[in-house]
Structures are given as structure tokens and as C-alpha cells.
Amino acid sequence: MLQGENIRIKNLANSRLGTLTKDVTRLTFKLDKCNKFIEKEKLLPKFMKYIDRSNGLER
């Protein structure tokens with residue numbers, strides 16, 4: 001009985017890990033697209049005025 005419970009927990013953990021991996025992959029892809037857009041449109045200088053360079057926090 002304990003063996004079956006361990007297998008069930010392992011399967012659940014693997015399922016959650018798979019879901020998290022997909023989520024991270026999706027977010028990484030979106031972030032990459034955003035970075036490419038920012039580079040292409042040369043938007044970084046426009047955003048820099050909102051960034052406090054001393055601590056990296058937004059004003």
C-alpha cells in the first residue's frame with residue numbers, strides 16, 4: 001500500500017514539474033520576444049528615464 005502511495009505522489013510531482021517546465025518555457029519565449037522588440041524599436045533609452053540606476057528600482 002505504501003508503494004502505491006509513493007508511486008502516486010511521484011506521478012503527481014512529475015506532472016507538476018512538467019507543468020512548471022512548460023510555464024517557464026512559455027515565459028522565457030515571451031520574454032525573448034519582448035527583448036527583441038525592445039531592441040528592434042530602440043526603446044531602451046525611453047525606459048531608462050524611469051529606472052533609478054543607484055538601486056535598480058523604478059521611480
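We did not get these values from a lab; they are worked out from the coordinates using the rules stated. Fair warning: this is a prediction, and the values are worked out from it, not measured in the lab.
For the stretch 1-45, the spread of Cα coordinates along the three principal axes comes to 62, 12, 6 Å, biggest extent given first.
Gain on full extension, evaluated as 0.36 nm per residue between ALA13 and LEU44 minus their Cα-Cα distance, stands at 7.2 nm.
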